Amino acid sequence: MAKNVTLTINGKTVTVPEGTVVVDAAKKLGIDVPVFCYHPKMEPVGMCRQCLVEIGRPMIDRATGQPVLDENGQPKVQFGPKLETGCTNIVSEGMVVLTESEKATSGQKEIIELLLTSHPLDCPICDKGGECPLQNLTMKHGSDQSRYIYDEKVHADKHVPLGELIFLDRERCIQCARCIRFQEDIAGEPVIGFYNRGRATDIVTFTDPGFDSIFSGNTTDICPVGALTTADFRFGARPWELNQAASVCTQCPVGCNTTLNVRREAKSGGGYVVKRALPRQNEQVNEIWMCDKGRFAGYQYTESASRLAQEPADYERSLKRAADALADSRPDVVILAGGRLGNEDLFNLKQLADGLGGKAIFYTGMGGGEWTTAYGLTAGSNLGDLGPGDTVVVVASDLYNEAPLWHLRLKAAAKRGATLVVANARATKLDEFATFVVRYAYGDEIETVKNVAKKDKVGDAIKNANNLVVFYGSDGLGLEGSSALAAACAELVKSRARKANNGLVGVWSTPNAQGAWELGLRPSANLAAELKGKTIYVVAADPAGDDPQLAIALKSAKLVIAQDILDTYTTRLAHVTLPAAAFTEREGSYTSAERRVQRFYPAIPARTTSKADFSITAALAAACGIDLEGRSPLLVMNKLAAVEKAFSGINYARLAEVTEQWPIVGRGDMYYGGTSYENKQGLGVHLAPGVEVAPQAVKVAALRPKEGELLAVPVSRLYDLGTTVAPSTLLAGRIGQLTATLHPATAGKFGIENGSKLRVSLPGGEADLIAVLDDSVSAGVVLIPRSMGVSIPQPAPVSVRVAEKA
């Protein structure tokens with residue numbers, strides 16, 4: 001337990017943990033010390049001097065080491081002759097701090113005046129206006145007159161693209177270095193920095209492409225002036241015009257809490273549009289950060305021109321035709337559900353399948369959810385609590401590309417002293433922060449996990465850990481391989497599961513995959529065979545676009561009903577289409593891969609004939625004589641919680657509960673925590689422990705390429721051509737080309753050079769890819785990214801030839 005320290009600030013007594021800085025101690029009392037460079041998530045540097053305060057310390061008798069007492073028996077306090085920075089001074093017992101004395105306020109006023117000497121007077125057109133710390137602190141601490149001559153102001157470039165996502169206004173920058181320190185200390189990507197000195201100091205980018213970081217948008221949140229702005233929001237709206245709605249990011253399984261800012265616009269015919277996504281504080285999930293994929297692609301697809309739409313009469317005809325087909329086809333009905341659906345949607349789909357006597361299949365390329373359901377994280381778990389004595393193992397997952405906020409949080413856990421073990425067949429960005437890196441050949445994942453606990457140092461770290469969390473993914477694996485890997489990983493944690501901060505976590509590709517597993521949906525090992533000749537109801541999935549074999553199977557189906565928000569390959573070949581409401585237009589809940597159920601809220605009204613998925617399913621069920629709840633997601637959750645043991649006790653009221661979080665952030669003091677939103681709409685609730693799974697002997701067939709072939713393995717990219725990413729025009733330049741990554745030695749045997757155009761014969765047909773050479777890739781292997789226009793659901797032997805030299 002940390003030792004506590006008691007001090008007095010502005011006559012008020014406060015007790016805080018040892019090591020707390022004065023600014024944070026004051027915050028505990030509700031006293032706001034003005035800051036610019038200081039941020040509670042980063043180490044203090046004392047650069048801006050805005051937090052100047054008077055600090056007194058008890059006088060100590062050098063002979064006895066005890067405080068010198070006055071005539072009343074109280075310690076004598078001696079104040080320093082100069083003001084001190086509240087962000088760099090650590091509290092001590094008996095300290096006395098004055099933040100609002102005449103001397104302190106005079107110092108704070110002078111710093112504001114200094115910062116404004118060459119700051120532009122463009123508040124009326126500045127994007128930060130209305131949520132600007134400099135503006136707010138000037139109103140509170142600044143002078144109504146300037147002693148500096150306007151003509152002597154130093155002018156600088158106003159529209160400098162650091163990259164295609166972030167713009168810099170050099171004239172507004174106050175050189176607080178928040179952005180630089182965030183990139184170096186928190187993101188671990190020091191891609192921007194200071195250039196020149198004095199009045200000529202500028203922020204520059206060191207990379208090509210510019211500002212090459214997947215966390216760049218966070219710098220605009222913590223920038224205390226209008227120097228850094230995002231390309232999507234720059235000159236887009238004024239903060240006071242915006243309404244806000246609490247939401248959850250749908251781009252990965254982390255479940256980052258977000259706030260969607262919306263307003264009416266003439267260009268949308270007077271309708272509501274989402275203007276930007278900002279982080280919403282949840283210290284157990286994403287803290288106050290989000291990745292650029294969630295920021296710049298998280299909601300954009302919901303406003304795509306390819307949204308499905310129907311006239312009301314057409315919708316009613318489609319609904320009737322779909323219901324008649326389902327009723328007439330029972331029990332030869334297959335419901336195929338995607339992981340973008342909410343818990344309420346999945347529950348109704350499973351109930352409909354059961355009522356029709358058909359099958360509800362979870363559409364996923366990664367297995368093992370029965371193990372995460374049984375041995376996943378439970379109540380009280382928080383990756384932010386992991387530190388010395390704890391161990392985290394990451395197997396077959398590139399968290400940087402698959403779940404960026406987990407990459408950040410595990411990097412931070414390692415920095416706090418946790419042992420981080422990264423096991424993969426290739427190098428990942430997390431290797432840099434790992435305590436141990438374990439390499440294996442593709443195909444050896446299961447044996448590696450079985451043997452890792454036997455290794456001397458790694459084994460000791462696992463066996464002797466106070467807490468153990470294991471993340472597993474599908475890097476280089478398909479459904480069968482990832483299922484076997486999950487079973488092996490479960491053996492590492494099963495004896496300590498059901499205890500907080502211990503368990504197995506699946507790195508899924510969708511936001512609610514864990515919810516699907518918890519609700520009893522399961523994938524099919526031979527999905528094409530399941531679909532042939534049946535009536536198929538596909539919801540929030542695009543099997544035809546993902547796999548040519550599944551497209552053939554759907555074409556041979558008796559009838560295909562496709563329910564989605566966007567036009568896809570599957571909706572185009574479907575006999576019946578039903579437009580659904582996007583997550584921005586409705587209410588519901590997701591279950592993150594950490595087994596935390598979180599609620600999201602509607603930001604904008606739904607389109608005319610677009611309804612929530614659970615509601616459409618309930619309408620179809622009613623026409624088939626099956627009673628399902630379709631009036632509201634709250635009522636569906638109540639029914640769900642009454643049936644599903646893991647969800648017992650969960651309701652919308654509990655999901656909306658919040659507790660005090662640290663650091664304290666909010667819209668009233670953005671200079672302290674940035675523009676991240678305070679969480680007033682719910683922190684989420686962990687599911688109850690699942691049912692244990694009996695040990696299973698899982699065998700994965702070994703793949704041995706023939707002479708002249710390579711083993712193609714699927715890997716994930718953060719930015720790809722997936723349904724929810726491709727519509728984002730801002731990220732188009734980051735998606736890049738379809739590549740085939742090989743070891744230089746392997747490439748040499750085939751006469752392949754870096755940049756060569758390759759013709760690769762995949763199971764789904766031939767494709768042209770660009771060769772990329774990488775020393776970290778195993779020999780005899782070619783890495784092919786998922787969701788980039790070619791089908792590679794699992795590892796497969798392929799033939800490769802050069803179609804065009806580099």
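From the phi angles alone, apply the Karplus equation (6.51, -1.76, 1.60; θ = phi - 60°) to segment 705-717 and give each ³J(HN,Hα) in whole Hz, x where the residue is Gly or Pro.
x, 6, 4, x, 10, 10, 8, 7, 10, x, 9, 10, 10
Taking 56 Å as R0, compute the FRET efficiency from the Cβ-Cβ separation of Lys757 and Glu100 and round it to 0.05. Display every interim value, and only then the final one.
Numbers: r = 68 Å, r/R0 = 1.22.
Between Lys757 and Glu100 the formula returns 0.25.
Looking at the square roots a ≥ b ≥ c of the eigenvalues of the Cα gyration tensor of segment 1-146, which shape do they give, rounded for a/c under 1.5, prolate if a/b is larger than b/c, or oblate? The partial results should precede the final answer.
Values: a/c = 2.77, a/b = 2.01, b/c = 1.38.
Since a/c reaches 1.5 and a/b is larger than b/c, the shape of segment 1-146 is classed as prolate.
If you count the DSSP beta bridges with both ends in the chain, what percent of them are antiparallel, to the nearest 5?
Working: 64 of 114 bridges.
Once the DSSP bridges in the chain are tallied, antiparallel ones form about 55 percent.
How much of the accessible area of segment 342-446, probe 1.4 Å, is carbon plus sulfur, in whole percent? Intermediate values should be presented prior to the final figure.
Numbers: 1340 of 2690 Å².
Percent of accessible area from carbon and sulfur atoms in segment 342-446: 50.
Enter the accessible area per residue of segment 85-203 (Å², integer; probe 1.4 Å; all protein chains in place). All intermediate terms of the calculation are to be shown ahead of the outcome.
On the way: 5940 Å² over 119 residues.
About 50 Å² of surface per residue is accessible.
What is the spin-label model distance, in nm, from Ala528 to Ala642 if the labels are put 7 Å beyond Cα along the C-beta direction?
Output for this residue pair reads 4.4 nm.
With Cβ to Cβ distances under 13 Å as the rule, what net charge do the other residues near Pro602 carry (K, R +1; D, E -1)? Numbers along the way, then the final one.
Working: positive: Arg586, Arg599, Arg607, Lys611; negative: Glu585, Glu587.
Here the charged neighbours net out to +2.
Return a whole-number percent for the relative contact order of the chain, with Cα pairs under 8 Å and 6 or more residues apart as the contact set.
On the way: 1821 pairs, mean separation 100.5, N = 806.
Over the chain, the number comes to 12 percent.
Would you please put 630-642, 717-729 in order of how densely packed they are, using the mean number of other Cβ atoms within 10 angstrom per residue and starting with the highest?
Numbers: 630-642: 18.5, 717-729: 20.5.
In descending order of packing, they fall as 717-729, 630-642.
Label points 7 Å out from Cα along the Cβ direction at Asp324 and Asn466: separation in nm?
6.6
Once R0 is set to 51 Å, what does the formula 1/(1 + (r/R0)^6) return for the Cβ-Cβ distance between Val154 and Ala779, expressed as a FRET efficiency to the nearest 0.05? Don't skip to the answer; put the middle values down first.
Details: r = 57 Å, r/R0 = 1.12.
Efficiency at R0 = 51 Å is approximately 0.35.
Would you kindly state how much longer the chain becomes between Arg238 and Leu573 on full extension, computed as 0.36 nm times their sequence separation minus their alpha carbon distance, in nm to one decimal? Present the calculation step by step, with values, prior to reporting the outcome.
Working: separation 335, 0.36 × 335 = 120.60 nm, distance 4.32 nm.
Value of the extension gain: 116.3 nm.
Using per-residue counts of other Cβ atoms within 10 Å, averaged over each peptide, order 467-476, 2-11, 61-70, 173-182 from highest down. Working shown, then result.
Details: 467-476: 26.2, 2-11: 14.8, 61-70: 10.3, 173-182: 22.5.
Going by the mean number of other Cβ atoms within 10 Å, highest first, we get 467-476, 173-182, 2-11, 61-70.
Using the Karplus equation 6.51 cos²θ - 1.76 cosθ + 1.60 (θ = phi - 60°), what ³J(HN,Hα) coupling, rounded to whole Hz, does each residue of segment 201-207 give in order, writing x for Gly and Pro?
For segment 201-207, the Karplus curve yields 5, 10, 8, 10, 9, 9, 10 Hz.
Projecting each Cα onto the charge dipole of the chain (Lys/Arg +1, Asp/Glu -1 at the beta carbon, about the Cα centre), which of Ala177, Ala441, Leu718 comes out farthest on the positive side?
Checking the options against the dipole of the chain, the answer is Ala441.
Residue farthest toward the positive end of the dipole of segment 234-363, with Cβ of Lys/Arg at +1 and Asp/Glu at -1: which of Val262, Ala313, Leu352?
Final value for the positive-end residue is Val262.
What's the magnitude of the charge dipole for segment 616-673 around its Cα centre, counting Lys and Arg as +1 and Asp and Glu as -1 at the beta-carbon? Answer in Debye, nearest 20.
Details: 5 positive and 6 negative charges, 22 e Å.
That gives a dipole near 100 debye.
When the chain is fully extended, how far beyond the present Cα-Cα distance does Glu18 get from Ser556, taking 0.36 nm per residue of separation?
Values: separation 538, 0.36 × 538 = 193.68 nm, distance 6.89 nm.
Result: 186.8 nm gained on full extension.
At a Förster distance of 41 Å, what's the computed FRET efficiency of Lys499 paired with Arg317, Cβ-Cβ distance as r, to 0.05?
On the way: r = 54 Å, r/R0 = 1.33.
Calculated value: 0.15.
Could you tell me which of rounded, prolate or oblate describes segment 291-355, using a ≥ b ≥ c as the square roots of the eigenvalues of the alpha-carbon gyration tensor, with rounded for a/c under 1.5 and, failing that, prolate when a/b is larger than b/c and oblate otherwise? Walk me through the numbers before you get to the answer.
Numbers: a/c = 3.50, a/b = 1.53, b/c = 2.29.
In terms of gyration-tensor shape, oblate.
Rounded if a/c is under 1.5, else prolate if a/b beats b/c, else oblate: with a ≥ b ≥ c from the C-alpha gyration tensor eigenvalues square-rooted, which is the chain?
Working: a/c = 1.68, a/b = 1.59, b/c = 1.06.
Judged from the Cα gyration tensor, the chain comes out prolate (a/c at least 1.5, a/b above b/c).
Give me the base-10 log of I(q)/I(0) for segment 552-612 at each q in 0.19, 0.28 Å⁻¹, Debye formula, one uniform scatterer per Cα, rounded to two decimals.
Per q value, in the given order, log10 I(q)/I(0) is -0.79, -1.04.
For segment 331-444, what does the accessible surface come to per residue with a 1.4 Å probe? Please give it in Å².
With the other protein chains kept in place, segment 331-444 gives 25 Å² per residue.
Within segment 1-76, report the GluC sites (Glu not before Pro) that DSSP leaves as loop and that have at most 15 other Cβ atoms within 10 Å.
Values: sites: Glu18, Glu54, Glu71; in loops: Glu18, Glu71.
Loop-located and lightly packed - Glu18, Glu71.
Filter the trypsin sites (Lys or Arg not before Pro) in segment 95-147 down to the DSSP loop ones having no more than 15 other Cβ atoms within 10 Å, then list what survives.
Details: sites: Lys103, Lys109, Lys128, Lys140, Arg147; in loops: Lys128, Arg147.
In loop regions of segment 95-147 (DSSP not H, G, I, E or B), the sparsely surrounded trypsin sites (Lys or Arg not before Pro) are Arg147.
Taking amide H atoms as placed 1.01 Å from N in the peptide plane, list the residues 5 or more away in sequence, or in a different chain, whose amide H sits under 5 Å from that of Val5.
Val16, Glu18
Can you tell me the dipole magnitude for the chain around its Cα centre, using point charges on the Cβ only (Lys, Arg +1; Asp, Glu -1), in Debye to the nearest 20? Walk me through the intermediate numbers first.
Numbers: 86 positive and 90 negative charges, 148 e Å.
Dipole size: approximately 720 debye.
Along the charge dipole of the chain, Cβ charges K/R +1 and D/E -1, which of Ser728, Val333, Pro253 sits furthest on the positive end?
The listed residue farthest towards the positive side: Val333.
In square angstrom, rounded to the nearest 10, how much accessible surface does His159 have for a 1.4 Å probe?
For His159, the solvent-accessible surface is approximately 100 Å².
Roll a 1.4 angstrom probe over the protein heavy atoms and tell me the percent of accessible area of segment 190-285 that is carbon or sulfur. Please report the intermediate quantities before stating the final value.
Numbers: 1670 of 3400 Å².
Ligands and nucleic acids excluded, carbon and sulfur give 49 percent.
Measure off, as a whole percent, the carbon and sulfur share of the 1.4 Å-probe accessible area of segment 681-766, all protein chains present. Please report the intermediate quantities before stating the final value.
On the way: 2220 of 4290 Å².
Ligands and nucleic acids excluded, carbon and sulfur give 52 percent.
Kindly flag which residue pairs out of Lys359/Lys558; Lys28/Lys76; Lys128/Lys153; Lys3/Lys103; Lys27/Lys103 have an alpha-carbon separation exceeding 23 Å in this structure.
Working: Lys359/Lys558 15 Å; Lys28/Lys76 25 Å; Lys128/Lys153 21 Å; Lys3/Lys103 32 Å; Lys27/Lys103 20 Å.
From Lys359/Lys558; Lys28/Lys76; Lys128/Lys153; Lys3/Lys103; Lys27/Lys103, over 23 Å: Lys28/Lys76; Lys3/Lys103.
Give me the distance in nm between label points sitting 7 Å out from Cα along the Cα-to-Cβ direction at Ala622 and Ile90, one decimal.
That separation, rounded to one decimal, is 6.5 nm.
Could you provide, to the nearest whole Å², the per residue accessible area of segment 266-310 with probe 1.4 Å?
Values: 1280 Å² over 45 residues.
Result: 29 Å² of accessible area for each residue.
The values are calculated or read from the model by the stated rules, or taken from the named source; none is laboratory data. Worth saying up front: this structure is predicted, and the values here are computed from it rather than measured. Methodologically, a virtual Cβ is constructed for each residue, glycine included, from the backbone with ideal geometry; neighbour enumeration extends over all protein chains shown. For the accessible areas, the whole protein counts, side chains as well, though only heavy atoms, and no ligand, DNA or RNA atoms are used. Shrake-Rupley method; radii C 1.70, N 1.55, O 1.52, S 1.80 Å.
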